[in-house]
Amino acid sequence: MTPHCDTASPAVLYVCADRAPDATGPATQCAQTEGRAFAQERGLTIAEVVTDTYGEPDPARRTGWRRVRQLVQTGDVTAVLVRWPCAIAPESAHELRHRETSWLRDHGVRVRYTWAPLTSPGPLA
């Protein structure tokens with residue numbers, strides 16, 4: 001497959017899937033595999049894989065998400081790859097997700113969702 005117009009930009013792969021700390025279960029493995037394939041297909045380089053345990057709705061209170069913000073602030077990444085929006089914050093806390101995606105955008109970083117239904121171009125793309 002030919003890479004899209006993205007160049008070999010550095011990205012962080014953020015995974016917040018498993019509910020048990022220190023356990024890499026099938027949800028985390030799937031998200032990592034999917035994220036790596038997404039990056040490869042688009043010519044992105046994964047600079048770091050950052051994981052969090054699912055459950056805390058506020059991303060700012062998660063160690064891994066704070067690491068993502070640190071990578072953004074230092075200019076080490078130009079994109080954050082995440083499987084789907086709820087990995088950033090659940091629907092019940094969607095305002096926190098919007099806060100974080102706006103912060104990333106204000107720092108020149110794109111959020112890219114790696115789950116196939118969210119990567120397919122829509123009718124207006």
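Give the residues of region 46-56 that are more than 15 Å from CYS86 (Cβ to Cβ) and either open to solvent by less than 70 Å² (accessible area, probe 1.4 Å) or of a type in the set (Asp, Glu) (or both), sorted by residue number. Write out each step before concluding.
Taking region 46-56 and keeping what is more than 15 Å from CYS86 (Cβ to Cβ), we get 46-51.
Hits for region 46-56 are ILE46, ALA47, GLU48, VAL49, VAL50.
Scan region 72-86 residue by residue and report those that are outside any strand (DSSP E or B) and within 22 Å of LEU118 (Cβ to Cβ). Show your work before the answer.
Step one: list which residues in region 72-86 are outside any strand (DSSP E or B), which gives 72-78, 83-86.
Selection gives VAL72, VAL77, THR78, ARG83, TRP84, PRO85, CYS86.
Restricting attention to region 85-109, which residues are open to solvent by 40 Å² or more (accessible area, probe 1.4 Å), farther than 19 Å from ALA27 by Cβ and of a type in the set (A, V, I, L, M, F, W, C)?
TRP103 - this is the single residue of region 85-109 that is open to solvent by 40 Å² or more (accessible area, probe 1.4 Å), farther than 19 Å from ALA27 by Cβ and of a type in the set (A, V, I, L, M, F, W, C).
If only one of ARG19, ARG62, ARG112 is crowded, with 16+ Cβ neighbours inside 10 Å, over 13 Å from the mean Cα position of the chain (by Cα) and of a type in the set (Lys, Arg), which one is it? Please lay out each step first, then the result.
Details: ARG19 fails: crowded, with 16+ Cβ neighbours inside 10 Å; ARG112 fails: over 13 Å from the mean Cα position of the chain (by Cα).
Testing whether each residue is crowded, with 16+ Cβ neighbours inside 10 Å, over 13 Å from the mean Cα position of the chain (by Cα) and of a type in the set (Lys, Arg) leaves just ARG62.
Considering each of VAL77, VAL68, VAL72, VAL82 in turn, give the residue that is open to solvent by less than 60 Å² (accessible area, probe 1.4 Å), more than 26 Å from ARG19 (Cα to Cα) and modelled with pLDDT of 95 or more.
Details: VAL68 fails: more than 26 Å from ARG19 (Cα to Cα); VAL72 fails: more than 26 Å from ARG19 (Cα to Cα); VAL82 fails: more than 26 Å from ARG19 (Cα to Cα).
Unique residue meeting the criteria: VAL77.
Among the residues of region 55-98, what is the count of those that are in contact (Cβ under 8 Å) with a residue 24 or more places away in the chain and either aromatic (Phe, Trp, Tyr) or farther than 19 Å from PRO10 by Cα (or both)?
Count: 17.
Suppose we filter THR74, THR63 for residues that are under 24 Å from GLY43 (Cα atoms) and not aromatic (Phe, Trp, Tyr); which single one remains?
Numbers: THR63 fails: under 24 Å from GLY43 (Cα atoms).
After applying the criteria, what remains is THR74.
Within the set of pairs 6+ apart or on separate chains, which have a first residue in region 101-114 that is farther than 15 Å from PRO10 by Cα, a second that is among the charged types (D, E, K, R), and C-beta atoms under 8 Å apart?
These pairs meet every condition: TRP103/ARG69; TYR113/ARG83; THR114/GLU34; THR114/ARG83.
The values are calculated or read from the model by the stated rules, or taken from the named source; none is laboratory data. Just so it is clear, the model here is predicted, and its values are computed rather than measured. Cβ coordinates were reconstructed from backbone atoms using ideal geometry, including for glycine residues, and neighbour counts include every protein chain displayed. Ligands, DNA and RNA are excluded from the accessible area calculation, which covers all protein heavy atoms including side chains. Shrake-Rupley method; radii C 1.70, N 1.55, O 1.52, S 1.80 Å.
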